[in-house]
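K.L.:
The following block contains the structure, expressed as structure tokens.
Values in this text are rule-based calculations from the coordinates and carry no lab data. Note that the coordinates shown come from a computational prediction; the quantities given were computed from them, not determined experimentally. Backbone-built Cβ (ideal geometry, glycine too); neighbour counts: all protein chains shown.
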Amino acid sequence: MTEKPQLRPLDFQQVQHQGQPMWYLRDPMKLTDYQLLMPPALAQILLFCDGTRDIDEIHEALCDHLNAPINYDIVVDTIAQLDEACLLENERSRKARADLRQAYRMQPCRPAALAGLSYPETPAVLTHLLDSYAAEDNLNGWEPRYGRAIVAPHIDYQRGGPVYAKTYRRAEAAILNADLILVFGTDHNGGPGTFTLTKQPYATPYGVLPTDPDLIDALAAAIGQDAAFAEELNHRQEHSVELAAVWLHYIYQRAGVPPKPMIPILCGSFHHFVVNGRHPTQDPRLTAAIQTLKEQTAGKRVFSVASVDFAHVGPAFSDSFNMDEARRAALKQSDFNLVQAILRGDESLFYDQIAAVQDRHRICGFSSIYLMLDYLGSAEGLHIAYDQCPADEQNNSLVSIAGILLE
């Protein structure tokens, strides 16, 4: 290995293995099938795999950090295992990523990654499940409205099903009337401010949702091919767009009409804007992407979906407190303040409210909602549903979700 070892972006989870605490290293891109577990002391080596040190320097830094002599061969072997698993940013992982991207693009569509896992893969069983979530939803007196967008959950159907049902049912007329669907989905593994496209149409148990290659080409030309597709592999496993696509296809299937083209857009984190005191309006790529969307879709009947969740709070998300009744009530009010900004179509107010508290509630739809509101230009809306879903077995943590129809 000639390069100075640099760890790729990974997820780290504390787990128990054979009664011992371990760190599990998860590769969001799944470049290989390797699964690495590291004892806590050895995992400290990862602190020094930042691309600035060779193996000798990593060994020295680890010994100093632990204040103990560490066998040099252990360091060499650990780095070799990281390399073999493609967890380092180097030629091996770059080739694996390129090979994987080529294989992904050669498929006729983006397969339904969660079918049979998060929801049924058989169309009839899936339809029965989605129908069941609307069992207690009363549409008496509801007049079909031809809105332009919804904010809807991307949490699993098991927890969010009723909110999905209430939201999508009230948007059904608008969805069926649209010529084009835009889905702004949270990219849970995306980089700062990314706007990631794919030309692969999304498959669901009902078939394949078509896409619009010409619009995707125009967007890619506006922001640059590298920016548009550098993280395209995130589409393979990302659930935010998939769960929206399934529900959209369910609506088309129930209506007995062919699905309209859907453009899946994965929106990366806005954390860097908040931390650095900057703003998305200062990002030329995001500005170009939204402006191009407006220009390319002018005159078309477009329906947009922000496939998002709201707050992620409690011990499951590294908070030091449990979500008791007082905290739940305070969070509900905070979420409702964000909802009011959305109902006004005011992306600046929405952004400012989150930035003012340094996104302490970890709003999972921060970038997706902001970018969709920016695209819509002006809007007014109807608040349809809200819920706080358990996020751990003790019900000390939660994920909040909401349903909103925008016109």
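K.L.:
Percent relative contact order of the chain, based on C-alpha pairs within less than 8 angstrom and at least six residues apart?
P.N.:
Details: 719 pairs, mean separation 72.4, N = 407.
Here the relative contact order equals 18 percent.
K.L.:
Hey, another quick one. Once amide H atoms are placed 1.01 Å from N in the peptide plane, what residues at a sequence separation of 5 or more from ILE384, or on another chain, have their amide H within under 5 Å of its amide H?
P.N.:
It is GLY403, ILE404, LEU405, by chain and number.
K.L.:
What order, most packed first, do the peptides 112-123, 59-70, 201-212 have when packing is the mean number of other Cβ atoms within 10 Å of each residue? Working shown, then result.
P.N.:
Numbers: 112-123: 15.7, 59-70: 14.1, 201-212: 20.7.
With the highest mean Cβ count within 10 Å placed first, the list reads 201-212, 112-123, 59-70.
K.L.:
Starting from 0.36 nm per residue, how many nanometres of slack lie between ARG105 and VAL357 once their C-alpha separation is accounted for?
P.N.:
Gain on stretching ARG105 to VAL357: 86.7 nm.
K.L.:
Let me ask something else. In degrees from 0 to 90, rounded to the nearest 10, what is the angle of the helix 347-356 Cα long axis to the longest principal axis of the chain?
P.N.:
Orientation of helix 347-356: about 40 degrees from the principal axis.
K.L.:
As a check on your grasp of the helix formula, calculate [θ] at 222 nm for the chain: sum -39500 (n - 2.57) over DSSP H runs of n ≥ 4, divide by the residue count, round to the nearest 500.
P.N.:
Details: 15 runs with 168 residues, N = 407.
Helices in the chain give a 222 nm mean residue ellipticity of -12500 deg cm²/dmol.
K.L.:
What does the C-alpha gyration tensor say about the overall shape of segment 274-314? Classify as rounded when a/c is under 1.5, otherwise prolate if a/b is larger than b/c, or oblate. Spell out each step's value before the answer.
P.N.:
Working: a/c = 5.40, a/b = 1.35, b/c = 3.99.
Oblate.
K.L.:
Less than 11 Å Cβ to Cβ from ASP179, Lys/Arg counted +1 and Asp/Glu -1: what total charge do the surrounding residues give? Before the final figure, lay out each step's value.
P.N.:
Details: positive: LYS260, LYS300, ARG301; negative: ASP212.
Once positives and negatives cancel, what remains is +2.
K.L.:
Place a +1 charge on the Cβ of each Lys and Arg in segment 112-406 and a -1 charge on the Cβ of each Asp and Glu, then give the dipole magnitude about the Cα centre in debye, rounded to the nearest 20. Working shown, then result.
P.N.:
Values: 21 positive and 33 negative charges, 97 e Å.
I would put it at about 460 debye.
K.L.:
Follow-up. Among 325-333, 167-175, how do they line up from the highest to the lowest mean number of other beta-carbon atoms within 10 Å?
P.N.:
167-175, 325-333
K.L.:
Return the loop-located chymotrypsin sites (Phe, Trp or Tyr not before Pro) in segment 287-368 (DSSP other than H, G, I, E, B) with at most 16 other Cβ atoms within 10 Å of their own Cβ; answer none if there are none. It would help to have the intermediate numbers written out before the result.
P.N.:
Working: sites: PHE303, PHE310, PHE317, PHE321, PHE336, PHE350, TYR351, PHE366; in loops: PHE310, PHE321.
Qualifying residues, ordered by number: PHE321.
K.L.:
Which log10 I(q)/I(0) values, to two decimals, does the chain give at q = 0.14 Å⁻¹ under the Debye formula with one point per Cα?
P.N.:
Per q value, in the given order, log10 I(q)/I(0) is -1.33.
K.L.:
Taking the number of other C-beta atoms within 10 Å as the exposure measure, put ARG344, ARG145 in order starting with the fewest. Show your work: numbers first, answer last.
P.N.:
Values: ARG344 16, ARG145 13.
The fewest-first ordering by Cβ neighbours comes to ARG145, ARG344.
K.L.:
Of all DSSP beta bridges in the chain, what percent run antiparallel (nearest 5)?
P.N.:
Numbers: 30 of 49 bridges.
Counting DSSP beta bridges with both partners in the chain, the antiparallel share is about 60 percent.
K.L.:
Give me the distance between the Cα centres of segment 238-297 and segment 333-373, rounded to whole Å.
P.N.:
Cα centroid of segment 238-297 versus Cα centroid of segment 333-373: 16 Å apart.
K.L.:
Among VAL151, VAL257, what is the fewest-to-most ranking by other Cβ atoms within 10 Å?
P.N.:
Working: VAL151 30, VAL257 10.
The fewest-first ordering by Cβ neighbours comes to VAL257, VAL151.
K.L.:
Roughly how far apart, in whole Å, are the Cα centres of segment 63-134 and segment 15-40?
P.N.:
12
K.L.:
Among PHE273, PHE12, rank each residue by its count of other Cβ atoms within 10 Å, from fewest to most, as a rough exposure measure.
P.N.:
Ascending Cβ contact count within 10 Å gives the list PHE12, PHE273.
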